[in-house]
Amino acid sequence: MPDRKPRHGLELTCEYVFRPPAHLLARALRPLGVPPPAVVVAGLACGLCAAAAIGAGHLVAAALLLQAKTVLDNADGQLARLTGRITAFGRYLDSEADLLVNAAVFAALGLRIGPLLAAVGFVALTAVLSANFNVERLRREAHSRSTPGTPGGDGRATRAAARLYALVYAPHDRIFDALARRRPHAWHEPAGVHVLANLGLSTQLAALGLCLALGRPAAYAWAVTGCVAIVVLVLLRRELLVRASKLVLD
């Protein structure tokens, strides 16, 4: 399908829960000429409204708004691929809007679960999403499977978005690039890619929405912190597989 993003890892929650309504929305927006960045901004607005709802104690409303944000977050990429309007600016904007929403949501959660647990949860979520992105990226690069049709862009807005992206995400990318140089074959094993894909943002916001609807927001902060342990186990497994393969070759 032209609106499906090529990936090695399949996020089941995204694929079977959020992608179908996002697909319908993207198809509906296509003839209207709505630009994909406008959908990103709509998702950003939903996410910020969800944060405000958490702060006001309206947890069920916040849960619903986060699911709407996730549908929009999936729809903007599908719309870009359907219309051939994939741009570097759109990708930077998408990543930075997600980060802003996550920060706002956890800041609001701090009023409910305490600032320390909320801060730990935010750092954990950021680390897990970074691992998900970078492991997928490195496996794609190892298999020479690039995402098609992404103009670099040299406009002022694109350059500003690129600088902000580099400020926030470049340190994470460098860590994984260093790991890849040290263990160049560690990204060829698919199981870890699929595991990390299912810790992606769609799954995280679905889990957060469930915890909010149940009135247990602290449970999500603990759960996403536990996801860090899963990431560590995946990376350790990769290290052991690489060492084992080297022993066999020796």
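The values are calculated or read from the model by the stated rules, or taken from the named source; none is laboratory data. Bear in mind the structure is a predicted one, so any value in this text is a computation, not a measurement. Every residue, glycine among them, receives a Cβ derived from its backbone with ideal geometry; neighbour counts consider all protein chains shown.
So how many residues does segment 162-186 have that are modelled with pLDDT of 75 or more, under 28 Å from residue 241 (Cα atoms) and charged (D, E, K, R)? The qualifying residues number 3. In segment 187-205, the count of residues that are at pLDDT 95 or above, out of contact with any Cys (no Cβ under 8 Å at 6 or more places or on another chain), of a type outside the set (S, T, N, Q) and closer than 28 Å to residue 71 by Cβ is one or more.
Within segment 24-60, restricting attention to residues that are touching a helix residue (DSSP H, G or I) at 6+ places or on another chain (Cβ under 6 Å) and not hydrophobic (A, V, I, L, M, F, W, C), the residue that is nearest to residue 209 (Cα to Cα) is 47. For segment 235-250: of the residues being surrounded by 10 or more Cβ atoms within 10 Å (Cβ to Cβ) and not hydrophobic (A, V, I, L, M, F, W, C), which is modelled with the lowest pLDDT? Ranking the qualifying residues of segment 235-250, first place goes to 246.
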